[in-house]
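The values are calculated or read from the model by the stated rules, or taken from the named source; none is laboratory data. Keep in mind that what you see is a predicted model, and the values were worked out from it rather than measured. Cβ: placed from backbone, ideal geometry, glycine included. Neighbour counts: every protein chain shown. Ligands, DNA and RNA are excluded from the accessible area calculation, which covers all protein heavy atoms including side chains. Shrake-Rupley method; radii C 1.70, N 1.55, O 1.52, S 1.80 Å.
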Amino acid sequence: MHIIIAGAGKVGFNLAKTLSVGHNVTVIDKNSQALDRIQESLDILPLQGDVEDIHTYKRFIGQEIDLFIAVTNIDNVNLIAAMTVDAALHVKRKFVRVQKYFFQEQIIQKRLAVEKVIFPLKLTSGAVSSLLLYPKANNVKFFKYTPYKLISVMVSSKTLPQSISSEHFKIVGIERKKDFCIPDADVEILPNDLVYFFGDENEIKQVCQKLDVDNTLDIQRCVVFGGGELGIAISQELLKADKEVKLVEKDLKLCEIADEELKGRASIINYKYGSHDIFEDEGLESADIFIAATNNDEYNIIKCLEAKESGIKKVVAINNEMEYYNLMHSLGIVVVRGPKMSAYNAIMEEISSTGVVIQKSYCGAKAVVFMRKVFSGSKLIDKVIKPLHVKESSVFYIRENVMQSLSEKVKLQENDLIVAFCAVKTSAKVKEWIYEL
């Protein structure tokens, strides 16, 4: 594919790093130093220029551009760039990142002929708010074709149930001491495992209750540490759910902005020093959930550890750098992707998915799930498919809300859903198999 990325920041760099393998990638940015950094490590074409200027795209006239991705740090620049490139070139698909989600997604998509608008703040704040509905969960993923969820839970109980099985959910991954595996049917679950379930959320909640006996079941009192745009977005989601919110921030100006944005509905706490005493002085230790939402992962980790020491059972850290993912998990901290990581993952999932197959990553991008539905009129109806024999993978089909392992030949029916889980190292083989069904 011929791909143009507008923006050479962190998201643009990571997209270029992934997409430059097997594709022709051009990165456009005004900042020559940012382009030099990308060119030093990646095989891409750097182009210094204004992504809002139609003349920037002259060199591509006559070429067919498969994908245009606007990921600068300024919303208006991304929106105008999408309009400009459309006027200058023939582009098959366009993705735009927009920080502020007061923009109407459908209007943007229709007016700018954009396939997907990515709202990273909304993705991250939404991921945090989903934990309110699943208080035992570390993470929750939703899917287009099924009400089934992918839910992870950290095992805290030392007395584990002898059997964990159901026709409505399966264990589709275990992270143990930084290692990830797709388990066998008779897998043994151990304390401190991070277990990934896929299936009916109500049954998974019941199992989570047995695996995690430490966390509170009812989340009402919430503390958000960090008063920037993300802290405000998270607080807004919590307030929508009628939760009690305290937002803590050092910068007095940010506190004033937060109070205005949240319309006085949250308690805004300004503190000068990063002392642990704030938990006792401000009564934060009585919170049901603590969310460290700054842009500094090390600081988020420290504050989460202080929160745990104060007696708060559920602590959440926003993860901005992948290198801290495993450390956060090992410390018993719930990890939620930060806005930049959320934007990168959302864009890559959209690129990888088609109208035929949905693709999502999980377990910090160590694993992948592929999903294919048998629609009315599909050539797959009445087709007999064989099991997939690939290590580090597990395949199921869902028929009438019953989840069954694809361990032998099956004749597909209309509305069947084929779901494959695999480690990222075997994902290429699994992807080829599900596309070629």
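For the pair ASP43/GLU285, report the inter-label distance in nm, with labels modelled 7 Å from Cα in the Cβ direction.
5.8
Determine, from the Cβ-Cβ distance of GLN413 and GLN220 and an R0 of 35 Å, the FRET efficiency 1/(1 + (r/R0)^6), rounded to the nearest 0.05. All intermediate terms of the calculation are to be shown ahead of the outcome.
Values: r = 45 Å, r/R0 = 1.28.
According to the calculation, E is roughly 0.20.
Hey, any idea what % of the chain's accessible area is carbon plus sulfur with a 1.4 Å probe?
On the way: 9790 of 20720 Å².
Exposed carbon and sulfur together represent 47 percent of the surface.
Hey, can you find the accessible area per residue of the chain for me, probe 1.4 Å, expressed in square angstrom?
Values: 20720 Å² over 437 residues.
Result: 47 Å² of accessible area for each residue.
Of the listed pairs LYS94/LYS178; LYS10/LYS253; LYS136/LYS178; LYS373/LYS429, which have alpha-carbon separations greater than 29 Å here? All intermediate terms of the calculation are to be shown ahead of the outcome.
Working: LYS94/LYS178 36 Å; LYS10/LYS253 27 Å; LYS136/LYS178 21 Å; LYS373/LYS429 19 Å.
From LYS94/LYS178; LYS10/LYS253; LYS136/LYS178; LYS373/LYS429, over 29 Å: LYS94/LYS178.
Could you work out how far apart the two model spin labels at LEU327 and MET1 are, taking each label as a point 7 Å from the Cα in the direction of the beta carbon, and quote it in nm?
3.3
So what's the convex hull volume per residue for the Cα atoms of region 292-390, in Å³? Mind showing how you got there, number by number?
Working: hull volume 14.5 nm³, N = 99.
Expressed per residue, the convex hull around the Cα atoms of region 292-390 is 147 Å³.
Counting only helical runs of four or more DSSP H residues, what would the 222 nm mean residue ellipticity of the chain come to if each run contributes -39,500 (n - 2.57) and the total is spread over all its residues? All intermediate terms of the calculation are to be shown ahead of the outcome.
On the way: 13 runs with 135 residues, N = 437.
The per-residue figure over the chain is -9000 deg cm²/dmol.
Would you kindly work out the equivalent ellipsoid of region 1-153 from its C-alpha gyration tensor and give its semi-axes, the square roots of five times the eigenvalues, largest first in whole Å? Don't skip to the answer; put the middle values down first.
Working: eigenvalues 190, 67, 43 Å².
Values for region 1-153, descending: 31, 18, 15 Å.
Once the Cβ-Cβ distance between ASP86 and ASN192 is put in as r, and R0 is 45 Å, what FRET efficiency do you end up with, to the nearest 0.05?
Details: r = 51 Å, r/R0 = 1.13.
Calculated transfer efficiency: 0.30.
Just name one of ASN192, VAL384, ILE65: the one whose Cα is farthest towards the positive end of the charge dipole of the chain (beta-carbon charges, Lys/Arg +1, Asp/Glu -1).
VAL384
I need two numbers for the chain: Rg to one decimal and Dmax as a whole number, Cα atoms only, in Å.
My reading of the Cα-based Rg and Dmax gives 22.9, 68 Å.
Taking the convex hull of the Cα atoms, report for region 343-384 its projected area averaged over all directions, in nm². Show your work: numbers first, answer last.
Details: hull surface 15.4 nm².
The Cα convex hull of region 343-384, projected and averaged over all directions, gives 3.9 nm².
Measuring from the lowest to the highest alpha carbon on each principal axis, how far does region 214-261 reach, largest first, in angstroms?
Its Cα atoms span 36, 21, 14 Å along the three principal axes.
Keeping all protein chains in place and using 1.4 angstrom, which order do ARG93, ARG221 fall into by accessible surface area, from largest down? Present the calculation step by step, with values, prior to reporting the outcome.
Values: ARG93 60, ARG221 100 Å².
Per-residue accessible area, sorted high to low, gives ARG221, ARG93.
Tell me, what is the FRET efficiency for GLN209 and VAL21 to the nearest 0.05, using R0 = 45 angstrom and their Cβ-Cβ distance as r? Mind showing how you got there, number by number?
On the way: r = 43 Å, r/R0 = 0.96.
Computed FRET efficiency for GLN209 and VAL21: 0.55.
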